[in-house]
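What follows is a single structure, written as structure tokens, with notes after it.
The values are calculated or read from the model by the stated rules, or taken from the named source; none is laboratory data. In this text, all values refer to a predicted model and were calculated from it rather than measured experimentally. Glycine gets a Cβ as well: all are built from the backbone with ideal geometry, and neighbour counts include every protein chain shown. Heavy atoms of the whole protein, side chains included, go into the accessibility calculation; ligands, DNA and RNA do not. Shrake-Rupley method; radii C 1.70, N 1.55, O 1.52, S 1.80 Å.
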Amino acid sequence: MTEIAADLILTGRYLLTMDRERPLIERGGVAIGGDTILAVDSADRLLARFPGAQVIAEPHGLIMPGLVNVHTHAAMSLFRGLADDLPLMRWLNDYIFPVEATLTGEVVHLGSQLSICEMIKSGTTSFCDMYLFAGEVARAAEEAGIRAWIGEVLYDFPSPNYGALENGFAYTKDLLARYRRHPLITATVDPHAVYTCSPDLLTRLGAMAAEEEALYAIHLSENEEEVRTCRERYGRTPVEHLEALGLLGPRVVAGHCVVLTAEEIALMAERGVKVAHCPESNLKLASGIAPVVRMLEAGICVGLGTDGSSSNNDVDLFGEMNTAAKIHKVERMDPTAMNAETTLHTATLGGAGVLGASSLIGSIELGKKADCIVLDLDQPHLTPLYHPASHLVYAARGSDVIHSVINGRLVMRNRRLLTLDEPAILARAAEIGAGFRRGRDGG
């Protein structure tokens, strides 16, 4: 039987696979054919085995799986710095919701492109997005060649995208149908939160997610005010509310989960709920520190997200890993809590597990999709190197990523984006930002 030819070989000083069987290979490499990983081995053996492949060799490089951002709002890159230093509900109601009411599909498309530029340049190869004009977010992701899970947020009130709520159901169904078999884009079902969605809306969307076998992405127990409001309305916490409605289950991707009891953590673990941990947004909005170590101890699958750039203010998962590891050490007063390996797992295989895609992405293994990044280790802040995983969490930066491959396609080489016109996107984003500024200032 003739062996499949490799199209591309990446080699480096280290190959960090995230595969427990063979986690680290010195002077290793990965051979890629089409969208698939064909082989993981030493660089010398790969070069001998696949002599006709294009080769990107980085003597000081570290090859690793692309990072997985499990919760963001890409188009909110255009709101970065628009309303900072505010509590969550005031930030939402007084600033974010009003400016979102003026959004158009064109603006969301551009904001998504801007965020995708930043994600690719900082090592993210997959992201899960819940926002408005989701079709435009999907279009931007498809153009960029990045892997994405994307859904339209539904609320009880009218949307600037679809108008009346019933139109939102039709929009979501169309999105699910359009991307059912797409190689990069997967549609999700996205109620915003328990405080913006009635029990009927939550339940109807839950039924749709079950029927379509889609993820059910929702903000959940993000802060004390949300929990208090839910208790006042329904006599239950947000987690208890979803349980009472029969909605807690393995399709649920719960964003934030800052305010949880021990009983709720046990219940979520029993139901197979997945959690999107967004430490920097939770800190900036003073929502609190999510009990992630206890969730992991309970067996909950946890991935790492950045949230949107208006509440972070970036989508750099290397920075997010650094923050996550440190805040949980302080929260537990234990320097061994949330160690580097655990934290790195949340940004790779853990994130893939949250999205139901751990058989496809999150590690560099034979037969998986070829989503890989290469970091340049030949830098003062990365020298010397004793433990690669430790360096990736505590010392590396998104700007250290020099190459990115998604689904077997080279989308960034030597920090130059190959699928997006970055200068044009930056120029147009600056124009739109100037308009938002005039609107905010009453100009």
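Please find, within the stretch 105-140, the residue that is most open to solvent (accessible area, probe 1.4 Å) out of those that are closer than 17 Å to ARG178 by Cα and in a helix (DSSP H, G or I).
By that ranking, first place goes to ARG139.
With the structure loaded, tell me whether GLU212 is open to solvent by 10 Å² or more (accessible area, probe 1.4 Å), modelled with pLDDT of 95 or more, closer than 30 Å to MET321 by Cβ and not aliphatic (A, V, I, L, M) or whether it fails that test.
no
List pairs: first residue in the stretch 6-31 and free of Cβ contacts under 8 Å to residues at least 12 places away in the same chain, second residue buried (at least 16 other Cβ atoms within 10 Å of the Cβ) and not in a strand (DSSP E or B) anywhere in the structure, Cβ distance under 7 angstrom, at least six positions apart or on different chains.
Within 7 Å, the pairs are PRO23/THR17.
Of everything in the stretch 149-177 that's of a type in the set (Ser, Thr, Tyr) and closer than 30 Å to SER358 by Cα, which residue is farthest from the chain's Cα centre (by Cα)?
TYR171
If I go through the stretch 286-317 residue by residue, how many of them are crowded, with 24+ Cβ neighbours inside 10 Å and either in contact with a Phe, Trp or Tyr (Cβ under 9 Å, 6 or more places away or on another chain) or aromatic (Phe, Trp, Tyr) (or both)?
Counting residues in the stretch 286-317 that are crowded, with 24+ Cβ neighbours inside 10 Å and either in contact with a Phe, Trp or Tyr (Cβ under 9 Å, 6 or more places away or on another chain) or aromatic (Phe, Trp, Tyr) (or both) gives 6.
Restricting to the stretch 319-359, name every residue that is closer than 17 Å to GLU21 by Cα and open to solvent by 10 Å² or more (accessible area, probe 1.4 Å).
GLU341, THR342, HIS345, LEU349, SER358, SER359
Looking at VAL153 and the list (1) touching a Phe, Trp or Tyr at 6+ places or on another chain (Cβ under 7 Å); (2) open to solvent by 20 Å² or more (accessible area, probe 1.4 Å), which single condition is not satisfied?
(2)
Scan the strands (runs of 3 or more DSSP E) fully inside the stretch 368-443 and keep the ones with 1 or more residues being in contact with a His (Cβ under 9 Å, 6 or more places away or on another chain) and crowded, with 22+ Cβ neighbours inside 10 Å.
Output list reads 372-376, 409-413.
Within the stretch 61-80, is there a residue that is surrounded by fewer than 19 Cβ atoms within 10 Å (Cβ to Cβ) and either more than 22 Å from the chain's Cα centre (by Cα) or more than 30 Å from GLY308 (Cβ to Cβ) (or both)? Walk me through how you get there before you give the answer.
Step one: filter the stretch 61-80 for residues surrounded by fewer than 19 Cβ atoms within 10 Å (Cβ to Cβ), giving none.
Scanning the stretch 61-80 turns up no residue that is surrounded by fewer than 19 Cβ atoms within 10 Å (Cβ to Cβ) and either more than 22 Å from the chain's Cα centre (by Cα) or more than 30 Å from GLY308 (Cβ to Cβ) (or both).
Do any residues in the stretch 340-356 that are of a type in the set (Asp, Glu) have Cβ atoms under 9 Å from those of residues that are buried (at least 22 other Cβ atoms within 10 Å of the Cβ), where the two are at least six apart or on different chains, and which pairs are they?
So the pair list comes out as GLU341/VAL393.
Look at the stretch 211-269 and say how many of its residues are in a strand (DSSP E or B) and hydroxyl-bearing (Ser, Thr, Tyr).
Total satisfying the criteria: 1.
Of the conditions (1) aliphatic (A, V, I, L, M); (2) free of Cβ contacts under 8 Å to residues at least 24 places away in the same chain; (3) open to solvent by 20 Å² or more (accessible area, probe 1.4 Å), LEU92 fails just one. Which one is it?
The failed condition is (3).
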